[in-house]
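The values are calculated or read from the model by the stated rules, or taken from the named source; none is laboratory data. Keep in mind that what you see is a predicted model, and the values were worked out from it rather than measured. Here the Cβ positions follow ideal geometry from the backbone for every residue, glycine too, while neighbour counts run over all protein chains shown.
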Amino acid sequence: MSVFLFVVVPYVCLTVFVAGHLWRCRYDKFGWTTRSSQLYENRLLRIGSPLFHFGMLGVVGGHVIGLLVPQSWTDAVGITEHMYHVAAVGGGLAAGVMTVVGMVILIYRRRTTGPVFSATTVMDKVMYAFLAIVIVLGMWNTIAGSIMTIGGEYNYREGVSVWYRSFLAFQPDAALMANAPLGFQLHALVAFGLFALWPFTRLVHVFSAPVGYLTRPYIVYRSRDDQLGSHSPRRGWDRVG
Amino acid sequence: MRVMAQMAMVMNLDKCIGCHTCSVTCKQAWTNRSGTEYIWFNNVETRPGLGYPRTYEDQEKWQGGWELNKRGRMKLKAGGRFRKLMTIFSNPKLPSIGEYYEPWTYDYATLTDAPAQEHSPVARPKSLISGKNMKIEWSANWDDDLGGSTANTHRDPMLKKIADKVKFEFEQTFMFYLPRICEHCLNPSCAASCPSGAIYKREEDGIVLVDQDACRGWRMCVSGCPYKKIYFNHRTGKAEKCTFCFPRIEVGLPTVCSETCVGRLRYIGLMLYDADKVLAAASTTDEHGLYEAQRDVFLDPFDPEVIREAEKAGIARDWIDAAQRSPIYALINTFKVALPLHPEYRTMPMVWYIPPLSPVVEVVAETGEDAEDKGNLFAAIDALRIPIEYLAELFTAGDVVPVDAVLKKLAAMRSYMRDINMGREPDASIPAAVGMTEEEMYDMYRLLAIAKYEERYVIPPAHAEQAHSLEELATECAVSEYGGGQNDLFGEGSGAPTPIAVENFQMLQDRQTSDSLAGPDGKKGRVNLLNWDGKGSPSGIFPPKGDDS
Ligand code: SF4
Ligand code: SF4
């Protein structure tokens, strides 16, 4: 069972995630957008959206550090377990609270503002459900697991993180995950569900974060497509030269 | 010198009757889709008025366009690149749908479905955004013809600038129409604001376009454009803008708005400009100098040196010819009667306007004086400071000198031509008073008053075949596809390619994608009304059902 849950399911989701993005990028560039609803409503969005997104950036950063940096490395540079714990819980909590507050505002807005709600697709709703569950479970793990230590102390850096790295290295060790508390297990599973949905939702906009803007010239020049009329030449009939 | 060509437009405001034909035909052609209901690539505003979207010209509020920083360098008014990325999650300067207007339809069905009742049923307005019943309170031209002026006009940002000098008195008002499309700027701040780099300026003809596949819906362009001529399609989540009807321009046809303009007041042609000088010109410190600075960027297409450089830059000979015959060049540089709209935004706009003399003429006519007499008109131009200052706020960043000069030229042309039309001896002192020769004045009259289609629209077709056209003779299959370059001597593919227009677009597409030469295979698509007995529908007149997937 644990092999199925913590090896098979994650790999399937990861495959869908990668293949889905390739497919979307190839066949649906036009649909690749944030689908912003700011035009409809701005007052709540102005508070909720930056809160959520900046909180989320913090959360993602925290996960990268927590999951990918082995404990031995931080030990080696002399960061004690306690120091790490305080920093991680403090930072995680701040980012988490921002995210949750932002999310609550955004979901409230989406539900109560007529035009925004009618522009919400079924896919959006499913995605919101997954996203909300992942975030709530994550917060639960932080608060109940790491601060109040309900159900005993658990050092995820010796369990979940190691499993995650083994998973990325294609040598998955399901046992590590099977021994983790239920909260962590669920968080990971629902997160993988979200990854599988990802390429088919508006979440794809994460991968178009426009960092290139910082360095490109202001005005972009491009040459006219080398074709007359509305059709590109059919395959096998491309012009020479 | 880096020569580039730019497709540009000039509109002669004296002739605009505010009929909105241009807006409607443009909408039919480009924005009659869901998500674009509120979008008018072409709109016509009554001035004084708030414009569309409301008070878009108030850049203190909307922060569109460029400004100079303390060191005199250009920067986006809404903040630089880093600032843009930090505010990407919620654009602080995006007009809400209310600033445009909430689009609506009517539930016409009640008119026919309602049960018998005492009062006739009414079709209630339904919002196209929320689907709910709504109260109509604003639209794209709500203040048309100064409608509701007493309530609205004082909010006109351009009027505010001169309002401290003269209180706006409604009874003495003047009025004219201002049709607007995207300016296809030389220094577009929309493109500069786009984080994804999806907005680009075409190298060949300078048309500014949004790459729909690269746009990610960040909406920074909407705030960045000071003319608010980029719109957010709320269904697709992508930015859309006026395309200068590039599929028509590429085959030598004028834009839809120009083609259908009732007043025949639009001119389209090429301008050659020196791309190396654009930035410096846009950074001119004195706002009043921007108009002249932009004129300096344009190159004289008759100058042999310019021609040489243009050829080096790959501009084809027929394009240089077209630039020489360009009505835009004549109006901007030869006769100097066209002015840019809001040069102070520093985007170097390329749709210019001939300011209207008619408010002045009307005032003179009302006094009972001769409204075609040069002396009267000149005196009126000098006396009517409010209209002139208002025009200057629109076209020269508030500098009345160029506006004065243009209006006097138009006035001079009026009285000079009257003498000719009355069969009197033309008075050479009239053109001389505005620094023109008689011949120039007559040429200007010709261009402004009676120019034919081919003179108003000088549009060289695009060169898709450039460079490899010669190879094509040897390498392409003899049965060339439509538009493929070489034409056959006989049969379907012979003759010059049919230009693509809205009217024949489907037909051409069908022809291009069908496998046979002379039309669809079999009977499909052929209609013979001769053997139709009048019952049912004749075969072939409608496309077969369920066949289109
Ligand atoms: S007027 Fe057109 S080209 Fe100029 S900034 Fe606005 S959208 Fe861009
Ligand atoms: S069609 Fe011509 S005359 Fe009519 S509103 Fe448009 S620009 Fe003016």
So in the stretch B:256-303, with the set limited to residues that are among the polar types (S, T, N, Q) and surrounded by fewer than 23 Cβ atoms within 10 Å (Cβ to Cβ), which one is nearest to ligand 2 (Cβ to nearest atom)?
B:T260
Which one is nearest to B:F232 (Cα to Cα), of the residues in the stretch A:31-63 that are aliphatic (A, V, I, L, M) and either touching a helix residue (DSSP H, G or I) at 6+ places or on another chain (Cβ under 7 Å) or within 7 Å of chain B (Cβ to nearest Cβ) (or both)?
A:L39
Taking the stretch A:151-190, which residues are over 23 Å from A:T74 (Cα atoms), among the small types (G, A, S) and in contact (Cβ under 8 Å) with a residue 60 or more places away in the chain?
A:A174, A:A175, A:A178, A:A188
Tally up the residues in the stretch B:215-234 that are within 14 Å of ligand 1 (Cβ to nearest atom), facing chain A (nearest Cβ under 8 Å) and more than 19 Å from the chain's Cα centre (by Cα), please.
2
Run down B:N42, B:N12 and say which single residue is within 16 Å of ligand 2 (Cβ to nearest atom), away from every other protein chain (no Cβ under 14 Å), among the polar types (S, T, N, Q) and over 30 Å from B:I307 (Cα atoms).
B:N42
Give just the number: which of (1) more than 15 Å from the chain's Cα centre (by Cα); (2) at pLDDT 95 or above; (3) within 16 Å of ligand 1 (Cβ to nearest atom) does B:D274 not satisfy?
(3)
For the condition within 12 Å of ligand 1 (Cβ to nearest atom) and modelled with pLDDT of 90 or more, what is the one hit in B:P179, B:P188, B:P195?
B:P188
Does the stretch A:203-215 hold any residues that are at the interface with chain B (Cβ under 8 Å from one of its Cβ atoms) and surrounded by 15 or more Cβ atoms within 10 Å (Cβ to Cβ), and which are they?
A:H205, A:S208, A:P210, A:Y213
Looking at the structure I just gave you, is A:V116 away from chain B (no Cβ under 14 Å) and among the β-branched types (V, I, T)?
no
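Each row is one residue, and each column tells you yes or no for (1) under 30 Å from A:G48 (Cα atoms); (2) touching a residue at least 40 places away in the same chain (Cβ under 8 Å).
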{"position": "B:F82", "(1), (2)": "yes, no"}
{"position": "B:M86", "(1), (2)": "yes, no"}
{"position": "B:I97", "(1), (2)": "yes, yes"}
{"position": "B:Y100", "(1), (2)": "yes, yes"}
{"position": "B:W104", "(1), (2)": "yes, no"}
{"position": "B:T110", "(1), (2)": "no, no"}
{"position": "B:A114", "(1), (2)": "no, no"}
{"position": "B:S120", "(1), (2)": "no, no"}
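Given the criteria at pLDDT 90 or above and over 30 Å from B:Y200 (Cβ atoms), does A:F184 qualify?
Working: at pLDDT 90 or above: no; over 30 Å from B:Y200 (Cβ atoms): yes.
Taking the combined requirement at face value, the residue does not satisfy it.
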Conditions: (1) buried (at least 19 other Cβ atoms within 10 Å of the Cβ); (2) farther than 22 Å from A:L194 by Cα; (3) in contact with a Gly (Cβ under 9 Å, 6 or more places away or on another chain). A:V116 meets all but one. Number of the miss?
(3)
I'm checking my understanding of the structure. Among residues of the stretch B:190-214 that are more than 21 Å from the chain's Cα centre (by Cα) and at the interface with chain A (Cβ under 7 Å from one of its Cβ atoms), which one is farthest from B:L253 (Cα to Cα)?
B:P195
Checking B:R266 against (1) within 15 Å of ligand 1 (Cβ to nearest atom); (2) at pLDDT 95 or above, only one condition comes out false. Which one?
(1)
Only one of A:D28, A:D75 is loosely packed, with under 15 Cβ neighbours inside 10 Å, acidic (D, E) and within 11 Å of chain B (Cβ to nearest Cβ). Can you tell me which?
A:D28
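Yes/no matrix, rows are residues, columns are (1) within 15 Å of ligand 1 (Cβ to nearest atom); (2) under 19 Å from the mean Cα position of the chain (by Cα); (3) within 25 Å of B:Y445 (Cα to Cα):
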position: B:T243; (1), (2), (3): yes, yes, no
position: B:F246; (1), (2), (3): yes, yes, no
position: B:T255; (1), (2), (3): yes, yes, yes
position: B:V262; (1), (2), (3): no, yes, yes
position: B:F298; (1), (2), (3): no, no, yes
position: B:W352; (1), (2), (3): yes, yes, yes
Go through the stretch B:175-219 and report how many residues are of a type in the set (V, I, T) and within 16 Å of ligand 2 (Cβ to nearest atom).
1
Which condition breaks for B:D145 when tested against (1) within 14 Å of another protein chain (Cβ to nearest Cβ); (2) exposed (fewer than 13 other Cβ atoms within 10 Å of the Cβ)?
(1)
Taking the stretch B:6-42 and the residues there that are more than 16 Å from ligand 1 (Cβ to nearest atom) and small (G, A, S), the one that is surrounded by the fewest Cβ atoms within 10 Å (Cβ to Cβ) would be B:S34
B:S127 versus (1) among the small types (G, A, S); (2) away from ligand 2 (no atom under 16 Å from the Cβ); (3) at pLDDT 90 or above; (4) under 19 Å from B:V210 (Cβ atoms): which is the lone unmet condition?
(4)
Residue check for B:E37: more than 16 Å from ligand 2 (Cβ to nearest atom) and closer than 18 Å to B:P349 by Cα
no
Do we find a residue being among the basic types (K, R), at pLDDT 90 or above and either out of contact with any Lys or Arg (no Cβ under 7 Å at 6 or more places or on another chain) or within 13 Å of ligand 1 (Cβ to nearest atom) (or both) anywhere in the stretch B:154-166?
no
What number goes with the only condition from (1) away from ligand 1 (no atom under 16 Å from the Cβ); (2) hydroxyl-bearing (S, T, Y); (3) touching a Phe, Trp or Tyr at 6+ places or on another chain (Cβ under 7 Å) that B:Y291 does not pass?
(3)
Given the criterion touching a residue at least 12 places away in the same chain (Cβ under 8 Å), more than 23 Å from the chain's Cα centre (by Cα) and not in a helix (DSSP H, G or I), identify the matching residue among B:E362, B:E309, B:E372.
B:E372
Can you name the residue in the stretch B:336-369 that is among the polar types (S, T, N, Q) and over 12 Å from B:Q294 (Cα atoms) and, of all such residues, is modelled with the highest pLDDT?
B:S358
Given (1) on the phi < 0 side of the Ramachandran plot; (2) crowded, with 22+ Cβ neighbours inside 10 Å, number of the condition B:R346 does not satisfy
(1)
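This table checks each residue for (1) touching a Pro at 6+ places or on another chain (Cβ under 6 Å); (2) surrounded by fewer than 19 Cβ atoms within 10 Å (Cβ to Cβ); (3) within 13 Å of chain A (Cβ to nearest Cβ); (4) within 27 Å of B:P179 (Cα to Cα).
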residue	(1), (2), (3), (4)
B:Q63	no, yes, no, yes
B:L68	no, yes, no, no
B:K75	no, yes, yes, no
B:G98	no, yes, yes, yes
B:D107	no, yes, no, no
B:T110	yes, yes, no, no
B:S120	no, yes, no, no
B:A123	no, yes, no, no
Assess whether B:S283 counts as being within 14 Å of chain A (Cβ to nearest Cβ) and away from ligand 1 (no atom under 16 Å from the Cβ).
yes
